[in-house]
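A.B. asks: This is the structure I want to talk about, given as structure tokens.
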There are 2 protein chains.
Amino acid sequence: MDKKITVLPGDGIGPEVVASAVSVLQAVGKRYHHTFHIAYGAIGGTAIDQHNDPLPQETIALCEQSDAILLGAVGGPKWDQNPAELRPEKGLLRIRKHFDLFSNLRPVQAIPSLLKASPLKEDIVKDVDLLIVRELTGGLYFGEPRQRTDEAALDTLVYTRAEIERIVDSAFQLARVRRGKLTSVDKANVLESSRLWRQIVDEKKAGYPDVEVEHSLVDSTAMKLITNPAAYDVVVTENMFGDILSDEASVITGSLGVLPSASIRSDNFGLYEPVHGSAPEIAGKGIANPAATILSVAMMLKYSFGLIEEAAEIERAVTAVFEDGYYTADLATPGSRVLTTFEWAEKVINELDTSFVSDSIMTSYI
Amino acid sequence: MDKKITVLPGDGIGPEVVASAVSVLQAVGKRYHHTFHIAYGAIGGTAIDQHNDPLPQETIALCEQSDAILLGAVGGPKWDQNPAELRPEKGLLRIRKHFDLFSNLRPVQAIPSLLKASPLKEDIVKDVDLLIVRELTGGLYFGEPRQRTDEAALDTLVYTRAEIERIVDSAFQLARVRRGKLTSVDKANVLESSRLWRQIVDEKKAGYPDVEVEHSLVDSTAMKLITNPAAYDVVVTENMFGDILSDEASVITGSLGVLPSASIRSDNFGLYEPVHGSAPEIAGKGIANPAATILSVAMMLKYSFGLIEEAAEIERAVTAVFEDGYYTADLATPGSRVLTTFEWAEKVINELDTSFVSDSIMTSYI
Ligand SMILES: [Mg+2]
Ligand SMILES: [Mg+2]
């Protein structure tokens, strides 16, 4: 397979974690005989410094010619006082909007050796393996009219059938290649938009007889994500509920710093990025944790390129390195072995190597 | 003090828990020389059966002549298929709206002997003592226009300055008689209504120099309620965010079944009710847990009548009975002593007695 990837390192620890993830990507390419062509572009604060624009035209052009985007992180105190249009985050919002990346995937999976950092009891979270599918381009975030005077303010929660259908379809498709369970979250006892949402989920059901569907109210979902998170497989919801629930879910397993994400459109073109931020306070020290960005590369292989086996191999290697007791400084506990960003990524690459070698040995023995 | 209270037992376990709570209320009245006049009214399914109306006119009239309302719970399978206007829950929505009960108070406090039932690690939750103040009569739940066709649907999130000011003022006042910390939750990086909300909180600050104020985004609050809930004192937010966050917060300490709530208006008239539902499956067996309703009575004494000491005494007694190892069946663990609804309430009354007696002895010795 031959793929073009635009890499946008961004600000803070972005360049370090992205460099590590790209080295893992290239290692996987080598093992599995794929060619990944990498081009680098500017976004965020770095792009403001260089081009006076958090999302320069040349970056957009680069992305338009590629098959997927890998992003590090944007933002930092240097640009905090900038006007809205010259804020690093604006680059992120604009790129999602420009490429119509309506489906935001936020997986949360328990990693055994990280559970000690979870605020929840181990029994509750040890089997967590869920995927929140958040609608990313509609709802309250973009609805018109939106107005504010000194005396009143108004936002509009609006969804069209087409917007709901495409996100619901994508969630059904994800559920059928996972454990076959879909939880649709709404507030249908109160909101008209939720009633249409629920109606469309019910209409779509017939097309996915292999998927078991449940409806869940957003407030009761917020409870159950704490009391029984292992009960969820795929959770699909609108933009605002998805924002709240995906952030809530991100802290339950103690692995917030290692969570990847994807923002995808219907043709599987997508942008992949770690959930964590640019952490300017530790930037340039080589101590950042690259796991979230490496796992974002795995999501890219799976969701944009359909390389299921390669993605699973990266996920396995990442978990194995943690289980072997190797951590970056952020996750270190007494007795654990602390590695730099690049050393940690190298462990992952070695782990890929090992398994490749043992696979080859296996094959020659059979 | 002489107060009139309308008691609305409602459906399911409502009558049992309310009867227990009223007995505690009367015991407190006797000890502290207050007279509480109790009148009973119908609401919910029971009211539908008797009057074909989940909130009959005579119930409203009764409430209008009283100083506070104590409610059990409404709802049950018997009325689940009723049309919207004849659903038990409609009685609850209508009474809140009729009396303009805009301030919904949802306290969450760790009770040491119940922490074992928490999904969170004991260290994280043992010091939790927070109060969520939810705006209850505005926002997405009531905003116009609200429309739905087969092709699109729309809800409106609207707040006036007056609506925001009164809830923010009430939250500041609550914070100053607690630990002096107020967290205002919004989504000001996205929503116009949140920007007005944040502006008004900032304007109000000057009037409450004794209160420390922080702004927090709703998604990051959803995380921190899990990772560090003990950091919160009073949390104030709009209707939808409050719905989600108060339900999320309700499960963190393992004491969901014992949580009280209040819905209050500016003159301190209020409706008090347990957070739990009508639990029709155990209704009439005398095994329901009356703690949440008893603690709702404590809230009534504190917030509607200003009887701070009496309220604290009920809270102390409830905690003491739990700490002595007495539970109703829902909270029983191997080795705990299981009591019926009325036996448990009696333990609380005895606990009040004891302290009253020891106070008298103390006084006569001094
Ligand atoms: Mg968020
Ligand atoms: Mg709720």
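The values are calculated or read from the model by the stated rules, or taken from the named source; none is laboratory data. No experiment lies behind these values; they were computed from the predicted model shown. Every residue, glycine as well, gets a Cβ built from its backbone with ideal geometry; the counts of neighbours run over all protein chains shown. The accessibility values were calculated without ligands, DNA or RNA, using every heavy atom of the protein model including side chains. Shrake-Rupley method; radii C 1.70, N 1.55, O 1.52, S 1.80 Å.
A.B. asks: For chain B, set up a Gaussian network in which alpha carbons nearer than 10 Å are linked by springs, and say which option among B:VAL258, B:VAL211, B:VAL236 fluctuates the most.
C.D. replies: Its mean-square fluctuation being the largest, the pick is B:VAL211.
A.B. asks: Would you kindly calculate the translational diffusion coefficient of the range B:1-156, applying Stokes-Einstein with the Kirkwood radius from alpha carbon pairs, for 37 °C and a viscosity of 0.692 mPa s, and quote it in µm² s⁻¹ without decimals? Don't skip to the end; give the middle numbers.
C.D. replies: On the way: Rh = 18.4 Å.
The diffusion coefficient I find is 178 µm²/s.
A.B. asks: Excluding A:ASP127 itself, what net charge comes from residues whose Cβ is under 12 Å from its Cβ, given Lys and Arg +1 and Asp and Glu -1?
C.D. replies: Working: positive: A:LYS126, A:ARG179; negative: A:GLU122, A:ASP123, A:ASP129, A:ASP233.
The answer is -2.
A.B. asks: Where does the range A:79-177 land on Rg/Rh, using Cα atoms and the Kirkwood Rh?
C.D. replies: My calculation puts Rg/Rh at 1.09.
A.B. asks: Could you tell me which of A:PRO334, B:ILE308, A:GLY91 has its Cα farthest along the dipole of the protein assembly as shown towards the positive end, charges placed at Cβ (Lys, Arg +1; Asp, Glu -1), taken about the Cα centre?
C.D. replies: A:PRO334
A.B. asks: Using all C-alpha to C-alpha distances in the range A:193-332, build P(r) with 10 Å bins and read off the rounded percent in each one.
C.D. replies: That works out to 9, 30, 38, 18, 5, 0, in percent per bin.
A.B. asks: About the Cα centre, and with charges only on the beta carbon of Lys, Arg (+1) and Asp, Glu (-1), how big is the dipole of chain A? Nearest 20 debye, please. The partial results should precede the final answer.
C.D. replies: Values: 35 positive and 52 negative charges, 51 e Å.
Magnitude of the dipole: close to 240 debye.
A.B. asks: Could you work out the equivalent-ellipsoid semi-axes for the protein assembly as shown, taking the square root of 5 times each eigenvalue of the Cα gyration tensor, largest first, in whole Å? Intermediate values should be presented prior to the final figure.
C.D. replies: Numbers: eigenvalues 487, 159, 126 Å².
Values for the protein assembly as shown, descending: 49, 28, 25 Å.
A.B. asks: Anything losing 50 Å² or more of accessible area from the isolated chain to the full protein assembly: pick those residues out of the range B:117-136, probe 1.4 Å, ligands and DNA/RNA ignored.
C.D. replies: At a threshold of 50 Å² (probe 1.4 Å), the residues of the range B:117-136 that become less exposed are B:PRO119, B:LYS121.
A.B. asks: Please figure out what share of the DSSP beta bridges in the protein assembly as shown is antiparallel and state it in percent, rounded to the nearest 5.
C.D. replies: Numbers: 44 of 102 bridges.
The answer is about 45 percent antiparallel.
A.B. asks: With every protein chain kept in place and ligands, DNA and RNA left out, what is the accessible area per residue of the protein assembly as shown? Probe 1.4 Å, answer in Å². Walk me through the intermediate numbers first.
C.D. replies: Numbers: 27960 Å² over 732 residues.
Here the per-residue accessible area is 38 Å².
A.B. asks: If I build a Gaussian network model for chain A, linking alpha-carbon pairs within less than 10 angstrom, which residue out of A:THR160, A:THR237, A:THR340 has the largest mean-square fluctuation?
C.D. replies: A:THR160
A.B. asks: Hey, another quick one. Projected onto the charge dipole of the range A:108-254 (+1 at Lys/Arg Cβ, -1 at Asp/Glu Cβ, origin at the Cα centre), which of A:GLN199, A:THR237, A:PHE172 gives the Cα projection farthest towards the positive end?
C.D. replies: About the Cα centre, the residue reaching furthest to the positive side is A:PHE172.
A.B. asks: Further question on the same structure: Using Stokes-Einstein with the Kirkwood hydrodynamic radius over Cα pairs, what translational diffusion coefficient do you get for the range B:107-256 at 37 °C and a viscosity of 0.692 mPa s, in µm²/s rounded to a whole number?
C.D. replies: Numbers: Rh = 16.2 Å.
The diffusion coefficient I find is 203 µm²/s.
A.B. asks: Would you calculate a helix-derived [θ] at 222 nm for chain A, using -39,500 (n - 2.57) for each DSSP H run of n ≥ 4 and dividing by the full residue count, to the nearest 500?
C.D. replies: Working: 12 runs with 152 residues, N = 366.
After summing the helix terms and dividing by the residues of chain A, the value is -13000 deg cm²/dmol.
A.B. asks: Here is a further query. Would you mind telling me the antiparallel percentage of the DSSP bridges in the range B:107-256, rounded to 5?
C.D. replies: On the way: 5 of 19 bridges.
Among the beta bridges of the range B:107-256, antiparallel pairing accounts for roughly 25 percent.
A.B. asks: Let me ask something additional. Any residues in the range A:202-226 that have 50 Å² or more less accessible area with all protein chains than in their chain alone, probe 1.4 Å, and which are they?
C.D. replies: A:ASP219, A:MET223, A:ILE226
A.B. asks: Right, something else. Provide the solvent-accessible area of A:HIS215, counting protein heavy atoms only and rolling a 1.4 Å probe, rounded to the nearest 10 Å².
C.D. replies: Roll a 1.4 Å probe over it and A:HIS215 shows about 60 Å².
A.B. asks: Okay, next question. Taking R0 as 25 Å, what's the FRET efficiency between A:THR227 and B:ASP80 from their Cβ-Cβ distance, rounded to 0.05? Spell out each step's value before the answer.
C.D. replies: Numbers: r = 24 Å, r/R0 = 0.96.
Using R0 = 25 Å, I get an efficiency of 0.55.
A.B. asks: Between A:SER66, A:SER263, A:SER103, find the one with the highest GNM mean-square fluctuation for chain A; connect C-alpha pairs within less than 10 Å.
C.D. replies: The residue with the greatest mean-square fluctuation here is A:SER66.
A.B. asks: If you only keep lysine pairs separated by 8 or more in sequence, or across chains, how many in the range B:107-256 come under 23 Å at the Cα atoms?
C.D. replies: Lysine pairs meeting the criterion: 11.
A.B. asks: How big, on average over all directions, is the shadow cast by the Cα convex hull of chain A, in nm²?
C.D. replies: On the way: hull surface 81.8 nm².
In nm², the orientation-averaged hull projection of chain A is 20.4.
A.B. asks: Nearest 5 is fine: what % of DSSP beta bridges in chain A come out antiparallel, could you say?
C.D. replies: On the way: 17 of 46 bridges.
Counting only bridges with both partners in chain A, antiparallel ones make up about 35 percent.
A.B. asks: Hey, for B:VAL338 with labels 7 Å out along Cα-Cβ, what do the inter-copy distances come to in nm, ordered shortest first?
C.D. replies: Computed spacing set for this position: 5.2 nm.
A.B. asks: Note down the magnitude of the dipole of the protein assembly as shown about its Cα centre, charges +1 on Lys and Arg C-beta and -1 on Asp and Glu C-beta and zero elsewhere, to the nearest 20 debye. If you can, show how the numbers build up before the last one.
C.D. replies: Numbers: 70 positive and 104 negative charges, 38 e Å.
Charge dipole, the protein assembly as shown, about its Cα centre: 180 debye, nearest 20.
A.B. asks: How about the range B:110-167: which GluC sites (Glu not before Pro) there are in a DSSP loop, with at most 15 other Cβ atoms within 10 Å of their Cβ? Intermediate results must be reported in sequence, preceding the final value.
C.D. replies: Details: sites: B:GLU122, B:GLU135, B:GLU151, B:GLU163, B:GLU165; in loops: B:GLU151.
Taking the range B:110-167 and a limit of 15 other Cβ atoms within 10 Å, the loop GluC sites (Glu not before Pro) found are B:GLU151.
A.B. asks: Specify which residue in the list A:GLY270, A:ALA73, A:TYR159 is farthest towards the positive end of the charge dipole of the protein assembly as shown, using unit charges on the beta carbon of Lys, Arg (+1) and Asp, Glu (-1), about the Cα centre.
C.D. replies: With unit charges placed on the Cβ atoms, the residue in question is A:ALA73.
A.B. asks: Right, something else. With +1 on the Cβ of every Lys and Arg and -1 on the Cβ of every Asp and Glu, and nothing else charged, how large is the dipole of the range B:107-256 about its Cα centre, in debye rounded to the nearest 20? Numbers along the way, then the final one.
C.D. replies: Details: 18 positive and 25 negative charges, 83 e Å.
Taking the Cα centre of the range B:107-256 as origin, the dipole is about 400 debye.
A.B. asks: Rounded to a whole number, what % of the accessible area of chain B do carbon and sulfur atoms account for, probe 1.4 Å?
C.D. replies: Numbers: 7430 of 13990 Å².
Here it works out to 53 percent.
A.B. asks: Ballpark to the nearest 100 Å², how much total accessible area do B and A bury together, probe 1.4 Å? Walk me through the numbers before you get to the answer.
C.D. replies: Working: alone 16180 and 16180 Å², together 27960 Å².
Chains B and A together bury approximately 4400 Å².
A.B. asks: Return the sequence-ordered ³J(HN,Hα) values of the range B:183-189 in whole Hz as given by the Karplus equation 6.51 cos²θ - 1.76 cosθ + 1.60 applied to θ = phi - 60°, using x for Gly and Pro.
C.D. replies: 10, 9, 9, 8, 10, 5, 6
A.B. asks: Separation of the range A:272-332 and the range A:12-32 by C-alpha centroid, Å?
C.D. replies: That distance is 9 Å.
A.B. asks: Not counting the cut sites, what is the longest span of chain B without trypsin sites (Lys or Arg not before Pro) that DSSP labels loop and that have at most 16 other Cβ atoms within 10 Å?
C.D. replies: The segment B:1-120 is the longest one with no such site.
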